Amino acid sequence: MCGFKEMGSAAVEDMIEASSGVHFSGFHMDGLDSRHIKKPMISPATESMHNQPFLIGVAGGAASGKTTVCDMIIQQLHDQRVVLVNQDSFYHKLTEEELARVHEYNFDHPDAFDTEKLLDSIDNLRHGRAVDIPKYDFKSYKHDVFPVRRVNPSDVIILEGILIFHDPRVRELMNMKIFVDTDADVRLARRIRRDTVGKSRDIAAVLDQYSKFVKPAFDDFILPTKKYADIIIPRGGDNHVAIDLIVQHIRTKLGQHDLCKIYPNLYVIQSTFQIRGMHTLIRDSQTTKHDFVFYADRLIRLVVEHGLGHLPFTEKQVITPTESVYTGVDFCKRLCGVSIIRSGESMENALRACCKGIKIGKILIHREGDNGQQLIYEKLPQDISKRHVLLLDPILGTGNSAVQAISLLVKKGVPESNIIFLNLISAPQGVHMVCKSFPRLKIVTSEIDICLNKDFCVIPGMGEFGDRYFGTDDDDDQKVVVPMQQSC
Ligand SMILES: Nc1ncnc2c1ncn2[C@@H]1O[C@H](COP(=O)(O)OP(=O)(O)O)[C@@H](O)[C@H]1O
Ligand SMILES: Nc1ccn([C@@H]2O[C@H](COP(=O)(O)O)[C@@H](O)[C@H]2O)c(=O)n1
Ligand SMILES: [Mg+2]
């Protein structure tokens, strides 16, 4: 009996762990001055590997539930960039003669697929190039019925198909191989339903194709590839335990999970499609200033609310209008905000909206080519050492400005554990720098990005936050055009 090799046993995690090499989607330190990172997390030799997407192969008999399993994985990984590539898209184009005698064509044989083209597409995706992948039409047996699908490079690529493990060159690219193992009679029943209802085929033709091609090909080509699988999922999409473990493992491999494990004081707010949608808008270079401000404000408000949830509280009882006692909590009163000028100021309104009358101090750090930081202005509440401080800056990049600002707060007597640093997007480098320097401080962020580029910009990031929020970027539509006669 083959199970999830084998799901549910203590050895499962170890076995999954052994299934693929170490993989982080981010954490490359290209061009980052070693002075900025106290201790690199990975050796340069492993860097290129970390930039490659995590490739998952999903094989199994026709109608075993491969697509269903992939959809479930993608659904759970909604906060990651995941693309699904179907082997169906690489069916060879049929000649007129083959089309005329299509009932004699074997769609389940390895030769039915254009594996060279598949390899070429994967190679492009692995090297960060977008590809156009045709969408196969099962009714007409053609690729030109639907528009091609533009597939962008992603952190995770899932390759799905009956014979995706057949060619060793494709297999070797995979970091994780999953085989969906479903009973033959269940597969046949689903196939009959799918082909007659979904593809409007005649039941006699479906059964004929099954006995002539589908079953023999399963026995001769598909089943023998099960031995290459790292994970075998019995019952496909019904096996929620297997899918949860697979998703957990992928997250670990992607590294984001690791950062939260390394630094228990790093809090990444639970992603939802709403949050992903807001990030999509503020990261899009085409978003207008008006929309940028609107969605950035929504996200900031969420981060601020989460940050406030980390403040200490005291129990409080009140009497309700029904003269009952309600036992609740009282907000922490000794509180202040400190914004790092200029971007941090965009977060002040949200903080004021949540904490009536809150005092907000400011710190201005001048960036000099990112090699060193220079503090040039500070205005903080006099009694700041007695307050919990919410430090505001929407982007955590190298961590230099943040470390400088936090050092100043600590010098003013604020206990490290009384500081909560709020931001929208964090680069792993900044997280390492801040969390290592101040292990008792808390960071609350909404997303962790991949890395910094050689110009110290967060990637994928969203550009200069301050310029986009305050409208000082170079977009033509943002410029105030002064008519000639007035400017004289
Ligand atoms: N666990 C399941 N229970 C019931 N029906 C399922 C299940 N998994 C898949 N199906 C149905 O069976 C058919 C084949 O599933 P699909 O995921 O497309 O398989 P494959 O991609 O392996 O061909 C689909 O119509 C799907 O809705
Ligand atoms: N024109 C075609 C092409 C393929 N098939 C069958 O599809 C099955 C593979 O698709 P899955 O989603 O089930 O992986 C395979 O068994 C082919 O026989 C087809 O019927 N017509
Ligand atoms: Mg499928």
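Between residue 149 and 133, 135, the built amide H atoms are under 5 Å apart, and every one of these is 5 or more places off in sequence or on another chain. Counting only protein chain heavy atoms and rolling a 1.4 Å probe, the accessible areas of 129, 235 rank, largest first, as 235, 129.
Using C-alpha pairs under 8 Å with a sequence gap of at least 6, the mean separation divided by the residue count of segment 111-172 gives a relative contact order of 27 percent. Rounded to whole numbers, the Karplus 3J(HN,Hα) couplings from phi for segment 66-72 are 4, 4, 4, 4, 4, 4, 5 Hz, using 6.51 cos²θ - 1.76 cosθ + 1.60 with θ = phi - 60°, and x at Gly and Pro. Within segment 151-261, what whole-number % of the accessible surface is contributed by carbon and sulfur, with the 1.4 Å probe and all protein chains included in the calculation? Whole-percent figure for carbon plus sulfur exposure: 54. Subtracting the Cα-Cα distance of residue 197 and residue 327 from 0.36 nm times their residue separation leaves 41.0 nm of extension gain. Peptides 352-361, 86-95, 62-71, ordered by how many other C-beta atoms sit within 10 Å of their residues on average, highest first, read 62-71, 86-95, 352-361. Which whole-number percent of Cα pairs in segment 114-231 have a distance greater than 19 Å? For segment 114-231, the share of Cα pairs beyond 19 Å comes to 59 percent. A 1.4 Å probe, protein heavy atoms only, puts the accessible area of residue 262 near 80 Å². For residue 77, the amide hydrogen comes within under 5 Å of no other amide hydrogen, counting only partners 5 or more places away or on other chains and with H modelled in the peptide plane.
What the phi angles of segment 201-209 give under the Karplus curve with 6.51, -1.76 and 1.60, with θ = phi - 60°, is a coupling list of 9, 7, 4, 4, 5, 5, 5, 5, 4 Hz, glycine and proline written as x.
Across segment 239-322, C-alpha contacts under 8 Å between residues 6 or more apart give a mean separation that, scaled by the residue count, equals a relative contact order of 17 percent. In segment 319-408, a dipole from Cβ-located charges (positive for Lys and Arg, negative for Asp and Glu) runs towards its positive end, and of 354, 343, 401 it is 354 whose Cα lies farthest in that direction.
Amide H contacts of residue 359: 337, each under 5 Å away and 5 or more positions distant or on a separate chain (H built 1.01 Å from N in the peptide plane; Pro and chain starts excluded). Computed from the C-beta positions of residue 146 and residue 208, the FRET efficiency with R₀ = 25 Å rounds to 0.35. Think of each Lys and Arg Cβ as +1 and each Asp and Glu Cβ as -1; about the Cα centre, that makes the dipole of segment 175-252 roughly 200 debye.
Considering only alpha-carbon pairs that sit under 8 angstrom and 6 or more positions apart, the relative contact order computed for segment 293-446 is 22 percent. Legend: distances between Cα atoms for 135/253; 142/227; 66/139; 316/379; 135/226; 289/412; pairs beyond 25 Å are 135/253; 142/227; 316/379; 135/226; 289/412. Here residue 380 sits with roughly 30 square angstrom of accessible surface, probe radius 1.4 Å.
Calculated FRET efficiency, residue 227 to residue 417, Cβ-Cβ distance, R0 = 60 Å: about 0.70 to the nearest 0.05.
The values are calculated or read from the model by the stated rules, or taken from the named source; none is laboratory data. The shown structure was predicted, so the numbers you read here are calculated from the model rather than taken from an experiment. Glycine also receives a Cβ, built like all others from the backbone with ideal geometry; neighbour counts cover every protein chain displayed. Keep in mind that these areas ignore ligands, DNA and RNA; they rest on the heavy atoms of the full protein, side chains included. Shrake-Rupley method; radii C 1.70, N 1.55, O 1.52, S 1.80 Å.
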